[in-house]
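Trainee: The structure is given below, and queries will be raised subsequently.
The values are calculated or read from the model by the stated rules, or taken from the named source; none is laboratory data. Just so you know, these numbers come straight off a predicted model, no measurement behind them. Cβ placement follows ideal geometry from the backbone for every residue including glycine, while neighbour counts extend to all protein chains displayed.
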Amino acid sequence: MSKRFLTQVIQENSELKGVAAGRLASGIVEAIKKEIISTGRFSLPEFGSFAVRETPKRTAMNPKTGEKVQVKAGATVKFKASPSLKEAAFKGVKKAARAKAKG
């Protein structure tokens with residue numbers, strides 16, 4: 001999903017046009033970022049949740065040289081889909097596979 005896609009959906013489902021829809025899309029993305037930064041998670045019912053997870057310090061290997069390299073500890077954001085999103089995605093995949101088999 002892109003900000004452009006989000007802007008188009010806002011335009012299609014509201015009376016907002018152009019720049020106003022773009023500002024609303026940007027505001028939504030910024031609000032989600034702020035929530036993740038302040039609480040460490042963000043959830044949308046029927047969609048899923050985002051959660052910050054810490055990654056430990058570790059040793060990795062440089063694939064070019066084979067040399068071992070130390071990787072610093074950090075953090076990443078993980079997404080966990082809701083059961084209804086998983087079910088809908090599975091149905092979509094099955095439907096696409098049937099259409100491909102027919103064609």
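Trainee: Name every residue in the range 30-64 that is hydrophobic (A, V, I, L, M, F, W, C) and surrounded by fewer than 13 Cβ atoms within 10 Å (Cβ to Cβ), in order of residue number.
Mentor: If the condition is that a residue be hydrophobic (A, V, I, L, M, F, W, C) and surrounded by fewer than 13 Cβ atoms within 10 Å (Cβ to Cβ), then Ala31, Ile37, Leu44, Phe47, Ala60, Met61 are the ones that fit.
Trainee: Scanning for something loosely packed, with under 10 Cβ neighbours inside 10 Å and of a type in the set (D, E, K, R), does the range 72-88 turn up at least one residue?
Mentor: Checked against the condition, which is being loosely packed, with under 10 Cβ neighbours inside 10 Å and of a type in the set (D, E, K, R), the range 72-88 yields at least one hit.
Residue-wise test of (1) more than 21 Å from Ile28 (Cβ to Cβ); (2) at pLDDT below 95; (3) among the small types (Gly, Ala, Ser).
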position: Ala51; (1), (2), (3): no, no, yes
position: Glu54; (1), (2), (3): yes, yes, no
position: Val71; (1), (2), (3): yes, yes, no
position: Ala75; (1), (2), (3): yes, yes, yes
position: Phe90; (1), (2), (3): yes, yes, no
position: Val93; (1), (2), (3): yes, yes, no
position: Ala99; (1), (2), (3): yes, yes, yes
position: Gly103; (1), (2), (3): yes, yes, yes
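Trainee: Of everything in the range 10-26, what is surrounded by 13 or more Cβ atoms within 10 Å (Cβ to Cβ) and of a type in the set (Val, Ile, Thr)? Give them in sequence order.
Mentor: Hit for the range 10-26 is Ile10, nothing else.
Trainee: With the structure loaded, tell me whether Ile32 is touching a residue at least 24 places away in the same chain (Cβ under 8 Å) and out of contact with any Ser or Thr (no Cβ under 9 Å at 6 or more places or on another chain) or whether it fails that test.
Mentor: In short, no.
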